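Values in this text are rule-based calculations from the coordinates and carry no lab data. Quantities reported herein were computed from a predicted structural model and do not represent experimental measurements. Neighbour counts run over all protein chains shown; Cβ positions are idealised from the backbone, glycine included.
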């Protein structure tokens, strides 16, 4: 999750920290990250302030009336002194009317937010602090700019499959969660967990919690635990068959193929097709070949940790790689290559070349003949996985 740099205080011309700022705005498209950070800050503020007379307000607004009502509650909370004296804390959580949607853009809400910004500029902040947790706050608004000048803004970006570093971020978050829960996890299990969950921190946190509960009474979490407890999310399911092929596990390959074919036949996933499954397998074998070639050329060495593997990728000279992205390993997502690197040891180079030949022949059958699609896929997978003896993956 990315956070913006703290802004200077307009009143004092000195930089605020989270511990001293009168106003803190947490915003972005990572709702889970915002929620976790808001809880952390609020608990720290409460502990430092003491007392019980602090207010938590709901900023969810379905229409302009809800937004105006929420703003009214914030104004009232800021103006109301604690019954027993001392500091006053106000938390506006789940605020949904600071963006550029219809509710936020209505004339009434826009005017009210402008007035609120003016009130914040004139407000005496001695002993009063305001925390706002808002999804996708519009940086162009006067209120946003005012908070930047008076206090701090922290921005949280959700993980995306397009972000080449999402695997590193996900692994870091999972490791932190396990350490907090008194658990450790080996590299193989961590890689499997991140692969199954995909770039979704909320789901990752849920799966980590499940694993901590599942392993009660022991410290270490294994790949077996991950496979037993966690479910493959949709982003991971799309690659389940190719991952089973990479693992060179015939039973897993055939079970996964049956599940994929069932979804195609029943129409459960209209985006899937037999030819699409085949293209996914071709892409997987191509990645395995590319990885083996990089290792043979001395560009890569086996690595159990994603960070060290990605560091090796970053050192590969771009001008030494093919211009065609289909054959350029640097155009493939690093986490995909990391998984392939761990699986490449299950195959000899000659086996992978033969596998590509078999897949291309299967492609010809699916495109230009009346052969049964399921039978073609079953046969080619059995031939590929059944070639030679699988070697154990690096632990």
Check: What are the principal axis extents of the Cα atoms in segment 166-239, in Å, biggest first?
Finding: 34, 23, 20
Next item on the list: Please find the FRET efficiency linking residue 304 to residue 378, where r is the Cβ-Cβ separation and R0 is fixed at 35 Å, and quote it to the nearest 0.05.
Entry: 0.60
Checklist line | Ranked 243, 383, criterion: other C-beta atoms within 10 Å, fewest first | finding: 383, 243
Checklist line | Ellipticity estimate at 222 nm from DSSP helix runs (n ≥ 4, -39,500 (n - 2.57)) divided over the chain, nearest 500 | finding: -17000 deg cm²/dmol
Check: How would you rank 242, 160, 107, going from fewest to most other Cβ atoms within 10 Å of each one's own Cβ?
Finding: 107, 160, 242
Note to self: With 10 angstrom as the radius, rank 331, 369 by how many other C-beta atoms surround their C-beta, starting from the fewest.
What the structure shows: 369, 331
Notebook entry, point to check: Could you give the angle, 0 to 90 degrees to the nearest 10, between helix 166-180's Cα long axis and the longest principal axis of the Cα atoms of the chain?
Noted result: 70
Check: To the nearest 10 degrees, how steep is helix 373-385 against the longest Cα principal axis of the chain, on a 0 to 90 scale?
Finding: 80
Next item on the list: Would you mind giving the three semi-axes, in whole Å and largest first, of the ellipsoid equivalent to segment 238-385 according to its Cα gyration tensor?
Entry: 29, 16, 14
Check: For helix 334-343, what angle does its Cα long axis make with the longest principal axis of the chain, in degrees from 0 to 90 and rounded to 10?
Finding: 40
Item checked: Separation in nanometres of the label points that stand 7 Å from Cα toward Cβ, at residue 140 and residue 202 -> 2.7
Next item on the list: Run through every distinct alpha carbon pair of the chain and return the Kirkwood hydrodynamic radius in angstroms, one decimal place.
Entry: 24.6
Check: Nearest 0.05, what FRET efficiency do residue 311 and residue 29 give at R0 = 30 Å with Cβ-Cβ as r?
Finding: 0.60
Checklist line | Computed over segment 250-395: relative contact order in percent, which uses C-alpha pairs under 8 Å that are six or more apart | finding: 31
Checklist line | Among 22, 199, 317: highest mean-square fluctuation, GNM of the chain, C-alpha pairs under 10 Å | finding: 317
Notebook entry, point to check: So for segment 23-156, Kirkwood radius off the Cα pairs, Stokes-Einstein at 4 °C and 1.567 mPa s: how many µm² s⁻¹?
Noted result: 87
Notebook entry, point to check: Which residues in segment 198-225 place their backbone N less than 16 Å from a point set 7 Å from the Cα of residue 333 along the Cα-to-Cβ direction?
Noted result: 198-204
Next item on the list: Would you kindly state how much longer the chain becomes between residue 350 and residue 44 on full extension, computed as 0.36 nm times their sequence separation minus their alpha carbon distance, in nm to one decimal?
Entry: 104.2 nm
Item checked: Computed lengthening from residue 80 to residue 18, 0.36 nm per intervening residue step minus Cα-Cα distance -> 20.0 nm
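For the chain, what relative contact order do you get, as a whole percent, if you take Cα pairs closer than 8 Å and at least 6 residues apart?
For the chain, the relative contact order is 15 percent.
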Next item on the list: Using only alpha carbon pairs under 8 Å that are at least six residues apart, calculate the relative contact order of segment 166-229 and give it in whole percent.
Entry: 41
Item checked: Whether segment 182-299 is rounded, prolate or oblate, judged on the alpha carbon gyration tensor where a/c under 1.5 counts as rounded -> oblate
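If you take the beta carbon distance between residue 212 and residue 296 as r and set R0 to 30 Å, what does 1/(1 + (r/R0)^6) give as a FRET efficiency, to the nearest 0.05?
0.15
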